[in-house]
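Chemist: Okay, handing you the structure first.
Read-outs: derived from the displayed coordinates by stated rules, not from any lab. Computed from a predicted structure; not experimentally measured. Cβ coordinates were reconstructed from backbone atoms using ideal geometry, including for glycine residues, and neighbour counts include every protein chain displayed.
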Amino acid sequence: MWHQPRLLNLLADMLFAAGWAMLLALPVMAFMRMPFAPVRMVTLAAPLRFVAARELEEALSGRLRGNFFVLSAENVREALEGLPWVRRARVRRVWPDRLEITLEEQEVSAHWGDSGNEWVNIYGEVFAANPPDLPGGGKFSLPRLSGPPGSAAFLLRRYGESARLLARVSLVPVALRLSARQALEVDTANKMKLKLGRERERSSVIWRLERFIGLYPSVVAGRTPPTRVVDLRYPNGFSLYPAGARTTNGGRENE
């Protein structure tokens with residue numbers, strides 16, 4: 001290489017250009033880091049329902065360092081999405097000194113399990129968060145879903161289907177459970193438990209529920225004592241059990 005003048009000249013030119021680029025970049029970087037353009041204001045694009053102001057302050061604490069140019073909007077976004085009731089966050093710089101924050105809060109559809117601080121959002125996603133402070137000290141009136149990990153979206157769909165069907169006979173589902181063997185149970189507001197069992201090709205869960213609804217007015221409604229458990233896992237019918245009665249295994253399909 002030392003005997004090739006053209007290559008040496010090219011290398012010298014590249015080093016010279018790199019040196020000039022570094023010299024030009026240094027003042028630009030210093031200019032951008034100067035405190036002349038601080039972020040003076042953080043605004044919310046929409047009012048919040050569940051995220052408290054103190055939570056926002058804690059999430060943003062220490063993350064607004066640097067001026068308008070070098071402040072990391074990505075770090076701010078990640079901090080905001082770490083808040084329990086925030087599903088998505090968007091952070092936008094607005095010249096000359098403002099950050100605009102748009103938060104998508106969780107829209108809750110159901111309780112999840114029995115912990116009291118797990119929820120299912122409208123997308124069937126489970127998230128953990130303490131109950132929010134609702135106006136007047138109220139509480140969410142929501143169904144309770146429980147099942148194996150990953151089953152929340154399925155149960156949310158099944159809840160919607162069950163609610164529409166049971167509304168025909170003025171019944172309201174308040175809880176759905178899916179066992180480890182994929183057997184479904186529904187609790188209604190009038191303290192009745194519907195054992196629906198597992199999905200089968202010859203008798204789907206929805207088909208069993210529709211069969212029950214068709215016979216509910218004439219067979220179940222108004223019974224004394226009231227029915228507390230309905231076992232719908234039989235291939236050709238269902239069993240009724242009043243309060244305190246023991247369920248049996250005879251004749252029904254396995255879960």
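Chemist: How about the stretch 178-232: which GluC sites (Glu not before Pro) there lie in a loop by DSSP and see at most 16 other Cβ atoms within 10 Å? Can you show the working numbers first?
Modeler: Working: sites: 185, 199, 201, 210; in loops: 199, 201.
Qualifying residues, ordered by number: 199, 201.
Chemist: Oh, and also: Starting from the Cα of residue 139, draw a straight line to each of the aspartates and glutamates and keep only those under 16 Å, dropping any in the same chain fewer than 8 residues away.
Modeler: 107, 114, 118
Chemist: Count neighbours as other Cβ atoms within 10 Å of each site's Cβ, and list the trypsin sites (Lys or Arg not before Pro) in the stretch 119-218 that are DSSP loop with at most 13 such neighbours.
Modeler: Working: sites: 139, 144, 157, 158, 164, 168, 177, 181, 191, 193, 195, 198, 200, 202, 208, 211; in loops: 139, 181, 191, 198, 200, 202.
Sites meeting the loop and neighbour criteria: 139, 181, 191, 200, 202.
Chemist: Neighbouring Cβ atoms within 10 Å as the yardstick, rank 188, 224, 43, 102 fewest first.
Modeler: Numbers: 188 17, 224 6, 43 11, 102 14.
If I rank by nearby Cβ atoms, fewest first, I get 224, 43, 102, 188.
Chemist: Right, something else. Quick check: residue separation of residue 167 and residue 130 times 0.36 nm, minus the Cα distance between them. What number comes out in nm? Walk me through the numbers before you get to the answer.
Modeler: On the way: separation 37, 0.36 × 37 = 13.32 nm, distance 3.12 nm.
Separation in residues times 0.36 nm, less the Cα-Cα distance, equals 10.2 nm.
Chemist: What does the C-alpha gyration tensor say about the overall shape of the stretch 155-255? Classify as rounded when a/c is under 1.5, otherwise prolate if a/b is larger than b/c, or oblate. Provide the component values of the computation, followed by the final result.
Modeler: On the way: a/c = 1.40, a/b = 1.09, b/c = 1.28.
Rounded.
Chemist: Also, quick follow-up: Find out how many positive minus negative residues lie around residue 113, taking Lys and Arg as positive, Asp and Glu as negative, among other residues whose Cβ is under 15 Å from that of residue 113. It would help to have the intermediate numbers written out before the result.
Modeler: Values: positive: 144, 177; negative: 114, 118, 125, 185, 187.
That sum, taken over residues with Cβ under 15 Å, equals -3.
Chemist: I need the calculated FRET efficiency for the pair residue 48 and residue 95, taking r as the beta carbon distance and R₀ as 25 Å, to the nearest 0.05.
Modeler: Values: r = 25 Å, r/R0 = 0.99.
In this case the efficiency is close to 0.50.
Chemist: Still on this structure, I have one more. How far apart, in nanometres, would the label points at residue 179 and residue 117 be if each is projected 7 angstrom from Cα along the Cα-to-Cβ direction?
Modeler: Each label point lies 7 Å from its Cα, and together they span 3.1 nm.
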